[in-house]
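What follows is one structure encoded as structure tokens, with my remarks underneath.
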Amino acid sequence: MQPRTPNRQIALGDTRTGIIRIGGGLPVDHPMADGSKAAAPISVQTMTAGYTHTIDKCVAEIHKLTAAGADIVRVAVPEKKDTEALAEILRQTTVPIVADVHFHFKRALEAVEAGVHKIRLNPGNINDRAQVEQVIDACKDASIPIRIGVNEGSIIERKDKQARAKELGAVFSENKHGYMLAIMIAKLEEYLDIFYERDFFDIAISAKSMDAALVIDAYTEIAKRFPHPLHLGVTHAGPKETGCIRSVVALGTLMANGVGDTIRISYANDPIFEVEDGLELLYTLGLRERIGAELIACPTCGRIQVDLFTLVQEVNEKLSAEIVVPMKVAVMGCVVNGPGEAEGADVAVFAGDRKGIIYVQGEKVATVGEDEILDRLLSECRAFQDRVRSGEATLGQKRVDIVPPDPEGELGSGWEKMAAERIEKSGHTPLTIEGQ
Ligand code: SF4
């Protein structure tokens, strides 16, 4: 992991929502220094999927996303009726709200007037200098930041794109995305000049694309050139299944290289998944302290003798609902590699032939039948959480080495069945062997 790239910190929110800071850490002698000593933790944001003007539904969606862990929520304001709804939405919600302005600068002015916490402008769509200046001045008066989003989709709508590409492509001729990178950077430079000339520096930048490799290259180049926090995202990433891979590859690579200050994963799905997966990405990279349990589970193999996939699914759902301390919980299919692979787990189960042995910080506490594994494992997790909260137990403290049980004894491992290749695979699908 590389250290975070420093930039000029921005802040959004108020006394009701709390303040979310993005970026930071420039040296004090930098012309854009803001006094922040270090970069703020990377925040997770998302965007509502419903209409902003349907106030009750919009507020309900924002509450749901906030409860899931969103630090910032963005809403679209394509029409005046949307900006007219903002004041009431802001009154009823407790998270910083960003107004996404696409086509008309007046929506930005109305959103600022309503008290929104940040504006997102698209240089591809709002490029009349006088209009941009009006928005900048309004945001400056209201002390709120602006995100400049130079998405690939809006850039390629430029009428002069061919000429511009030729003119600027030489700058990045070595890079397969050279033309597009050059256009994005040139567009940013032009746009930023308008902001700087009006002494406006509370800026975040995004440069999204549906191409994960272009996203990596674009943000890497932008981080070298502009001292502003970066909002990372792969746009139009598709359904959750494939969008997750695209987003995690691009955003994970950038953040591991120290690039990125706030993230939005975007799926063609319920935005709650964007929040959950954004948080999980930060937890996985160690960029945020986990809230709730971390589940370790084996992928299963031919040694499995319980319905592990169903068990893991059920354990995951229950832990998400009930456990808030960041304990490690392991669900392992057998004792062959289980103890070693679950090293460091606070609560663990190792399954055998329709049985499971449960350990708490290395101490064996129960051997139960397959039907009882879920309930007993969860009750041990709840009890362990209580002990952590009361100070009786410490997370990650393995007090006793796990001694694997005798695979032919205590767990009734079904060694004979395995030898006869008649074990059942997870999901109760019998493994049929030719000739048996
Ligand atoms: S823990 Fe056991 S069942 Fe699970 S993958 Fe490892 S060896 Fe296979």
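The values are calculated or read from the model by the stated rules, or taken from the named source; none is laboratory data. Given the structure is predicted, the values throughout are model-derived calculations rather than measurements. Here the Cβ positions follow ideal geometry from the backbone for every residue, glycine too, while neighbour counts run over all protein chains shown.
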Original post:
In the range 203-241, how many are modelled with pLDDT of 90 or more, over 17 Å from Tyr191 (Cβ atoms) and of a type in the set (Val, Ile, Thr)?
Top reply: 4
**OP:** Report whether or not Gly124 is free of Cβ contacts under 8 Å to residues at least 24 places away in the same chain and outside any helix (DSSP H, G or I).
**Re:** no
Original post:
What tally of residues in the range 20-51 results from selecting those that are of a type in the set (A, V, I, L, M, F, W, C), more than 27 Å from Tyr267 (Cβ to Cβ) and touching a residue at least 40 places away in the same chain (Cβ under 8 Å)?
Top reply: 2
**OP:** Go through (1) within 16 Å of Thr46 (Cα to Cα); (2) at pLDDT 95 or above; (3) in contact with a strand residue (DSSP E or B) (Cβ under 6 Å, 6 or more places away or on another chain) one by one and return the number of the condition Thr94 breaks.
**Re:** (3)
Original post:
helices (runs of 4 or more DSSP H) wholly in the range 301-396 with at least 1 residues that are within 12 Å of the ligand (Cβ to nearest atom) and in contact (Cβ under 8 Å) with a residue 40 or more places away in the chain - which ones?
Top reply: 308-322, 338-341
Subject >> Residues satisfying the stated conditions in the range 286-300, i.e. under 20 Å from Cys381 (Cα atoms) and assigned to a loop (DSSP other than H, G, I, E, B) >> reply: Glu289, Arg290, Ile291, Gly292, Ala293, Cys298
**OP:** Filter the range 264-300 down to residues that are hydrophobic (A, V, I, L, M, F, W, C) and within 16 Å of the ligand (Cβ to nearest atom) and give me whichever is farthest from Leu230 (Cα to Cα).
**Re:** Cys298
**OP:** Within the range 254-280, track down each residue that is surrounded by fewer than 20 Cβ atoms within 10 Å (Cβ to Cβ) and more than 13 Å from the chain's Cα centre (by Cα).
**Re:** Ala256, Asn257, Gly258, Ala268, Asn269, Asp270
Subject >> Only listed residue being touching a His at 6+ places or on another chain (Cβ under 9 Å) and either among the acidic types (Asp, Glu) or not assigned by TED's automatic domain parsing to the domain that holds Lys224 (or both), chosen from Asp14, Asp29, Asp34, Asp56 >> reply: Asp14
